[in-house]
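The next block holds one structure in the form of structure tokens; read it before the comments.
The values are calculated or read from the model by the stated rules, or taken from the named source; none is laboratory data. Remember, predicted model here, so these are calculated numbers, not experimental data. We place every Cβ from the backbone using ideal geometry, glycine too, and count neighbours over all the protein chains shown. Side chains included, ligands, DNA and RNA excluded: accessible areas come from the protein's heavy atoms. Shrake-Rupley method; radii C 1.70, N 1.55, O 1.52, S 1.80 Å.
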Amino acid sequence: MAEAEEDCHSDVRAEDDENESPAETDLQAQLQMFRAQWMFELAPGVGSSNLETRPCRATKGSLLKAADTKGKQELAKEEKARELFLKAVEEEQNGALYEAIKFYRRAMQLVPDIEFKITYTRSPDGDGVGNSYMEDNDDDSKMADLLSCFQQQLTFQESVLKLCQPELESNQTHISELPMEVLMYIFRWVVSSDLDLRSLEQLSQVCRGFYICARDPEIWRLACLKVWGRSCIKLVPYTSWREMFLERPRVRFDGVYISKTTYIRQGEQSLDGFYRAWHQVEYYRYIRFFPDGHVMVLTTPEEPQSIVPRLRTRNTRTDAILLGHYRLSQDTDNQTKVFAVITKKKEEKPVDYKYRYFRRVPVQEADQSFHVGLQLCSSGHQRFNKLIWIHHSCHITYKSTGETAVTAFEIDKMYTPLFFARVRSYTAFSERPL
């Protein structure tokens, strides 16, 4: 009877085992493996050799070995990409841009972000590419000044200084055959008496020799003397004449300062009294400065398209133009101001012989002039391109008595700032060299 019951229980357990799901079977296997591993670790005198015999340890060791192999492959790939990137940098410095692009492409195919991982240093047992690149960087830091760099690269042939070499062979005489004095005289014509230093900077981009000529200190010293006169004898705090011309506040000569004023004026009332007209008034102010200290001022309702070409020279036939002189003044608060005295163009009145025998009432002759004060400042990305009104007055001097009557105008919203507009035609021709 007991044997029959045991057989019945065993059949039930077998049926239960058959009914267990694969997940439960896997869980039981993991549990048994954990118990075996735990009992094995608690057992005394277990060596490292016995650990390798266990299935769990073997599995863990294989995983670590695979991870180590993968890490070594990644390091080898990154090292190869580093070598290719440094080789590309070296080729780019040598001027072989096509070869550099190929090396850059191969390096980025291995490691896309190799540019951010590289440190430009190599171990002592490397191939020396990183070391050479570090030396090039040091040389670049020492040769930061392009002028000194280009001067060191000049070639000497037959004891004659050659600023540049012809790119193609030709039977005609190349400009490099001219003496240095002649080349410098040509560059002074480029600058001209209008101080067109913009054209000089563009000319310096032709070649290294022209770059050296365009950085000649004598050209920039003459330009500074023409702008500031005796007040720029010393370079302090600037390091060169070119830096002084570019950094020190000054008015610009290659264009005109323009302002536009608009206001509403009340008109007369109609006869029937039903309406009153209102007028919108617009007018422009133009100020043109010249390097020799002259200035032209014009106030007119005409558009800049028709007025700007007339202001190219002082010999214009526009009667409303005021001519005068200006000077730059820098106060203790480091604000540069422009003061100008302008007068009307003198007109010769024809002699009227018809009434020369009649007695006329004598008219008191007087000289009229306008005194203008402007503050020079920068606006936006351009430098010295804005003039703000700070003073405007009218001076009338009577010749008979010598007295002067001064009328000062109030600087209000009618005096809008003047902004600079560059005009290419002003520097298209050179009348005299610098």
| remark: Within the stretch 337-377, restricting to residues that are modelled with pLDDT of 85 or more and more than 18 Å from PHE409 (Cβ to Cβ), the one that is nearest to the chain's Cα centre (by Cα) is CYS377
| If we scan the stretch 392-403, do we find a residue that is within 27 Å of LEU200 (Cβ to Cβ), over 29 Å from the mean Cα position of the chain (by Cα) and open to solvent by 50 Å² or more (accessible area, probe 1.4 Å)? | no
| message | Condition first: closer than 23 Å to SER425 by Cα, open to solvent by 70 Å² or more (accessible area, probe 1.4 Å) and under 23 Å from the mean Cα position of the chain (by Cα). Now tell me which residues in the stretch 199-246 satisfy that. | response | GLN202, GLN205, VAL206
| task | Return a yes/no flag: does the stretch 156-173 have any residue that is open to solvent by 60 Å² or more (accessible area, probe 1.4 Å), under 30 Å from GLU431 (Cβ atoms) and modelled with pLDDT of 70 or more. | result | yes
| request: Please state which one of VAL236, VAL251 is part of a loop (DSSP other than H, G, I, E, B), β-branched (Val, Ile, Thr) and without any contact (Cβ under 8 Å) to a residue 40 or more places away in the chain. | output: VAL236
| said: Any residue at all in the stretch 384-396 that's in the same structural domain as LYS337 (by the TED database), at pLDDT 85 or above, in a strand (DSSP E or B) and farther than 30 Å from ASN334 by Cα? | reply: yes
| If you go through the stretch 255-306 one residue at a time, how many are within 32 Å of the chain's Cα centre (by Cα) and loosely packed, with under 10 Cβ neighbours inside 10 Å? | 1
| field | Odd one out for ASP292, checked against (1) outside any loop (DSSP other than H, G, I, E, B); (2) touching a helix residue (DSSP H, G or I) at 6+ places or on another chain (Cβ under 9 Å) | value | (1)
| said: List pairs: first residue in the stretch 260-289 and in contact (Cβ under 8 Å) with a residue 40 or more places away in the chain, second residue polar (S, T, N, Q) and in a strand (DSSP E or B) anywhere in the structure, Cβ distance under 6 angstrom, at least six positions apart or on different chains. | reply: ARG285/SER259; ARG285/THR299
